[in-house]
Amino acid sequence: MSNKPKPDDRRDNVNKIQENIDNTIKNYRLAEDMISLTDDEKTRRDLEEKNRRRLESLEGMKEEIRDEAEHAKRFK
């Protein structure tokens with residue numbers, strides 16, 4: 001029995017990345033709402049830190065979409 005790696009299937013990568021972007025934005029906004037409602041300093045700091053990381057992730061995901069779009073152009 002041979003274990004061959006699956007071929008690189010990039011057909012739906014843009015859709016998956018876009019879904020991750022949408023979910024991250026949704027979570028960012030929910031956290032912003034929670035930050036405005038909480039009086040707990042630790043909770044506020046934790047949520048602000050999570051949102052900082054979310055913004056960094058969004059930049060990376062946007063770059064991934066650009067890479068996927070470039071790949072799709074080259075291999076059409």
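The values are calculated or read from the model by the stated rules, or taken from the named source; none is laboratory data. Keep in mind that what you see is a predicted model, and the values were worked out from it rather than measured. Every residue, glycine among them, receives a Cβ derived from its backbone with ideal geometry; neighbour counts consider all protein chains shown.
Give the number of residues within the stretch 1-21 that are free of Cβ contacts under 8 Å to residues at least 24 places away in the same chain and closer than 14 Å to residue 64 by Cα. Number of matching residues: 5.
The combined condition, being of a type outside the set (Asp, Glu), over 27 Å from residue 11 (Cβ atoms) and either surrounded by 11 or more Cβ atoms within 10 Å (Cβ to Cβ) or under 10 Å from the mean Cα position of the chain (by Cα) (or both), is fulfilled by residue 35. Can you pull out every residue in the stretch 4-43 that is assigned to a loop (DSSP other than H, G, I, E, B) and either more than 27 Å from residue 75 (Cα to Cα) or touching a strand residue (DSSP E or B) at 6+ places or on another chain (Cβ under 8 Å) (or both)? Selection gives 38, 39, 40. Just to be sure, is residue 46 assigned to a helix (DSSP H, G or I) and of a type in the set (Asp, Glu)? Answer is yes for this residue. Restricting to the stretch 22-32, and then to whatever is of a type outside the set (S, T, N, Q) and in contact (Cβ under 8 Å) with a residue 24 or more places away in the chain, can you tell me which residue is surrounded by the fewest Cβ atoms within 10 Å (Cβ to Cβ)? In this case the residue turns out to be 25.
If you take the residues of the stretch 1-32 that are of a type in the set (A, V, I, L, M, F, W, C) and modelled with pLDDT of 85 or more, which of them is nearest to the chain's Cα centre (by Cα)? Looking at residues that are of a type in the set (A, V, I, L, M, F, W, C) and modelled with pLDDT of 85 or more, I get 21.
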